[in-house]
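*Asks:* Take this structure first; my questions come after.
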Amino acid sequence: MASHSTPNSLQARTGLLQQPMAVWAVAFACIISFMGLGLVDPILPAIAKQLDASPAQVSLLFTSYNLVTGIAMLITGFVSSRIGIKWTLISGIFLIIVFAVLAGTANSIGGIVWLRGGWGLGNALFIATALSAIVGLSTSGTARAIILYEAALGLGISVGPLLGGELGTLSWRGPFFGVGALMTVGLLSVFVLLPKIEKPKQKSSLLDPFRALAYPGLLTLGITAFLYNFGFFTLMAYSPFVLDLSERQLGYVFFGWGLMLAITSVFVAPRLQRRFGSIGSMCAVLTLFAIDLVLMGVFSDSQAAVITAIILAGVFLGINNTLITTAVMQSAPVERSVASASYSFVRFLGGAAAPWLAGKLAEWYNAQVPFYFGGAMVLLGVACVWLRRRHLAGIDTGGHH
């Protein structure tokens with residue numbers, strides 16, 4: 001087509017959408033995988049009520065999932081370099097299906113927490129490999145491939161709560177079975193559409209992700225994500241408990257949040273990065289997210305204020321997700337999958353501690369404190385980026401520091 005005469009923005013969009021079928025297969029599986037994260041959100045209060053559990057106990061659903069995902073990230077490169085990208089993706093999806101369905105049959109909060117851990121193992125194998133598969137198979141360059149990945153993430157996270165809210169009105173078990181059914185479709189699409197990808201000539205060592213953290217740029221981004229995840233998972237795992245809404249209503253709130261996340265990650269983040277650079281943009285949106293969390297604490301008694309703040313948080317998190325994921329890929333001269341695994345290992349440890357701690361802070365103090373604490377941790381993340389910005393000097397030009 002006559003793309004030479006189209007405006008730059010349209011050229012970028014055209015390049016983004018002209019992908020091989022294999023990329024779309026992985027992106028589709030990503031959408032469904034990320035639906036699993038938001039699908040559970042609207043049913044947290046219902047699980048607490050029906051299984052007689054506290055918010056801190058129910059938040060362990062996120063803690064076990066994130067802890068196992070983070071630790072398992074360390075083995076993803078080791079596994080995929082031996083059995084190949086396709087079979088690593090299929091293994092990850094298969095584990096998600098099995099543990100999601102088993103979680104739907106559990107009768108105790110402890111049982112669900114353990115099964116979510118198994119789900120996290122599948123999640124790690126899938127996420128780390130999916131990102132490197134999309135970037136590797138894409139015909140439009142690393143930056144646009146990451147935008148496509150973030151779009152899949154945003155779409156999954158936004159549709160997940162809607163579906164979770166609807167299935168949750170039938171039973172809290174519904175969303176777990178829903179994930180199992182959808183991931184089965186994802187597994188079939190990857191199996192049929194993804195070609196056999198050559199294994200790397202050099203097999204990954206289990207120590208590679210640790211070695212990659214020796215690069216100060218990658219370590220800086222990992223610590224930053226570790227810190228802002230305290231804010232992110234306070235929002236995801238704790239805010240449903242202060243809203244006092246039905247499963248369906250919670251589904252709509254988090255759909256609004258996810259929709260903002262999806263739109264800004266694709267359309268706003270690249271523009272901000274070009275205009276102000278990654279570091280300035282990241283610091284600005286994370287500061288706004290921290291302020292947003294503090295306001296949620298201040299107005300935690302107002303349903304309308306908390307709902308507005310949750311949806312607004314999607315704007316800041318969508319922009320930040322794309323900026324930081326793109327930066328990770330440019331921050332160290334290592335394989336993309338290794339960079340992704342080592343960064344995710346550090347990041348998910350924050351995601352493991354945050355949900356449980358938010359519930360406990362509410363028990364120990366009051367409903368406002370988890371939001372204030374989350375906001376403070378996000379501001380520490382901003383300080384980390386800003387104070388160590390010299391280590392990130394090359395991320396907008398493709399250089400490593």
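Read-outs: derived from the displayed coordinates by stated rules, not from any lab. The structure displayed is predicted, hence computed values, not measured ones. All Cβ positions, even for glycine, are placed from backbone atoms using ideal geometry, and neighbour counts span all protein chains on display.
*Asks:* Rounded to the nearest 500, what is the 222 nm mean residue ellipticity of the chain from helices alone, with -39500 (n - 2.57) per DSSP H run of 4+ residues and division by all residues? Could the numbers behind the result be given before it?
*Replies:* Values: 17 runs with 315 residues, N = 401.
When only DSSP H runs of four or more count, the value is -26500 deg cm²/dmol.
*Asks:* Roughly what would the spin-label model give for residue 49 and residue 267, points 7 Å off Cα along C-beta, in nm?
*Replies:* Each label point lies 7 Å from its Cα, and together they span 3.6 nm.
*Asks:* If I stretch the segment between residue 107 and residue 199 completely, what's the gain in nm (0.36 nm per residue apart, minus their alpha carbon distance), one decimal?
*Replies:* Details: separation 92, 0.36 × 92 = 33.12 nm, distance 4.18 nm.
Fully extending the segment from residue 107 to residue 199 adds 28.9 nm.
*Asks:* Follow-up. Using a Förster radius of 51 Å, what is the FRET efficiency between residue 284 and residue 171 based on their Cβ-Cβ separation? Nearest 0.05, please. Don't skip to the answer; put the middle values down first.
*Replies:* Numbers: r = 43 Å, r/R0 = 0.84.
Computed FRET efficiency for residue 284 and residue 171: 0.75.
*Asks:* For the range 306-322, take each phi angle, set θ = phi - 60°, evaluate the Karplus expression 6.51 cos²θ - 1.76 cosθ + 1.60, and give the result in whole Hz per residue in order, putting x for glycine and proline.
*Replies:* Once θ is set to phi - 60°, the couplings for the range 306-322 become 5, 4, 4, 5, 5, 5, 5, 4, x, 4, 5, 6, x, 5, 5, 4, 5 Hz.
*Asks:* May I ask for the distance between the Cα centers of the range 90-146 and the range 328-390, given as a whole number of Å?
*Replies:* First find each Cα centre; the distance between them is then 20 Å.
*Asks:* Would you mind calculating the relative contact order of the chain from Cα pairs under 8 angstrom and at least 6 residues apart, reporting the percent as a whole number?
*Replies:* Details: 774 pairs, mean separation 105.6, N = 401.
This gives 26 percent for the chain.
*Asks:* Label points 7 Å out from Cα along the Cβ direction at residue 301 and residue 94: separation in nm?
*Replies:* 5.5
*Asks:* Then there's this: Through the Karplus equation 6.51 cos²θ - 1.76 cosθ + 1.60, θ set to phi - 60°, convert the phi angles of the range 22-37 into ³J(HN,Hα) values in whole Hz; use x for Gly and Pro.
*Replies:* Going residue by residue, I get 4, 5, 5, 4, 5, 4, 4, 5, 4, 4, 5, 4, 6, 4, x, 5 Hz, with x marking Gly and Pro.
*Asks:* Using a Förster distance of 30 angstrom, determine the FRET efficiency expected from the C-beta separation of residue 246 and residue 366, and round it to 0.05. Don't skip to the end; give the middle numbers.
*Replies:* Working: r = 24 Å, r/R0 = 0.81.
Step by step, r from the Cβ atoms, then E = 0.80.
*Asks:* If you don't mind, there's one more thing I want to ask. Shape of the range 144-211 from its Cα gyration tensor (a ≥ b ≥ c, root eigenvalues): rounded if a/c is under 1.5, otherwise prolate when a/b > b/c, or oblate?
*Replies:* Values: a/c = 2.16, a/b = 2.01, b/c = 1.08.
Here the range 144-211 falls in the prolate category.
*Asks:* From the P(r) of the range 3-392, can you give the percent of Cα pairs sitting at distances over 33 Å? Numbers along the way, then the final one.
*Replies:* Working: 18606 of 75855 pairs.
Looking at the range 3-392, the distances longer than 33 Å represent 25 percent of pairs.
*Asks:* Determine ³J(HN,Hα), in whole Hz, for all residues of the range 173-178 in sequence, where each value follows from phi through the Karplus function 6.51 cos²θ - 1.76 cosθ + 1.60 and θ = phi - 60°; x replaces Gly and Pro.
*Replies:* Whole-Hz 3J(HN,Hα) from phi for the range 173-178: 6, x, x, 5, 5, x.
*Asks:* Moving to a separate point now. For the chain, what is the number of Lys pairs with C-alpha distance below 17 angstrom, counting only pairs 8 or more positions apart or on separate chains?
*Replies:* Close lysine pairs found across the chain: 4.
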